[in-house]
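Below: one structure, written as structure tokens.
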């Protein structure tokens, strides 16, 4: 059931819990969004807004055998995957976040990565990554520096508003990360 306009407004500033495997279990890739939108706040699911291409890209890239719905996010740890966000509070648009919120989110992300030790951290949103970590020249793709014990991959923002990255191109970049994560396992 789609949230109403009132449901969406009531979801402002909610927090969606991180989706992580139990400590000590394998975490191949920890995906990090910018922050949850109001639709995610209303449903309690990451990347939940219709039109967000996270779930289709995850499947098309080979991370999952079929396309999962946001309501099936609880299955991700069985694939060695998790989800977190740079900023935890829900907003209508990412540009409602302050630079300090993103920098603070970067500091919290480092601690989370140290604790859960994913092989890769996939940050979805190059502009937010640049702000959070002071990397003004960062580009989409693998980064030379890591974060804690994790190798770092900056992904395009999967929002449907990111027209410069259509789904096939987005899935291709997710696929490059999947291949690297698979190679790290062997």
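The values are calculated or read from the model by the stated rules, or taken from the named source; none is laboratory data. This is a predicted model, so every value here is computed, not measured. Positions of Cβ are generated from backbone atoms using ideal geometry, with glycine treated the same way; all protein chains shown enter the neighbour counts.
What do you reckon, is residue 17 surrounded by fewer than 13 Cβ atoms within 10 Å (Cβ to Cβ) and under 27 Å from residue 133 (Cα atoms)? For residue 17, the condition - surrounded by fewer than 13 Cβ atoms within 10 Å (Cβ to Cβ) and under 27 Å from residue 133 (Cα atoms) - is met. For residue 94, the criteria (1) under 15 Å from the mean Cα position of the chain (by Cα); (2) modelled with pLDDT of 95 or more hold in every case but one, which is (2). Each residue in the stretch 62-72 was checked for being under 17 Å from residue 169 (Cα atoms) and free of Cβ contacts under 8 Å to residues at least 12 places away in the same chain, and 0 of them qualify. For the condition within 20 Å of residue 123 (Cα to Cα), at pLDDT below 95, more than 15 Å from the chain's Cα centre (by Cα) and surrounded by fewer than 21 Cβ atoms within 10 Å (Cβ to Cβ), residue 64 does not qualify. Counting residues in the stretch 5-20 that are out of contact with any strand residue (DSSP E or B) (no Cβ under 8 Å at 6 or more places or on another chain) and outside any helix (DSSP H, G or I) gives one or more. On the stretch given as the stretch 105-132, residues that are part of a helix (DSSP H, G or I), in contact (Cβ under 8 Å) with a residue 12 or more places away in the chain and over 15 Å from the mean Cα position of the chain (by Cα) total 4.
In the stretch 112-129, the condition of being surrounded by fewer than 21 Cβ atoms within 10 Å (Cβ to Cβ), under 24 Å from residue 167 (Cα atoms) and touching a strand residue (DSSP E or B) at 6+ places or on another chain (Cβ under 6 Å) is met by at least one residue.
Restricting the search to the stretch 28-61, which residues are closer than 16 Å to residue 165 by Cα, out of contact with any strand residue (DSSP E or B) (no Cβ under 9 Å at 6 or more places or on another chain) and in contact (Cβ under 8 Å) with a residue 40 or more places away in the chain? Within the stretch 28-61, 51, 53, 56, 60, 61 meet the criteria.
Against the conditions (1) touching a helix residue (DSSP H, G or I) at 6+ places or on another chain (Cβ under 8 Å); (2) surrounded by 14 or more Cβ atoms within 10 Å (Cβ to Cβ); (3) under 20 Å from residue 51 (Cβ atoms), residue 168 satisfies every one except (2).
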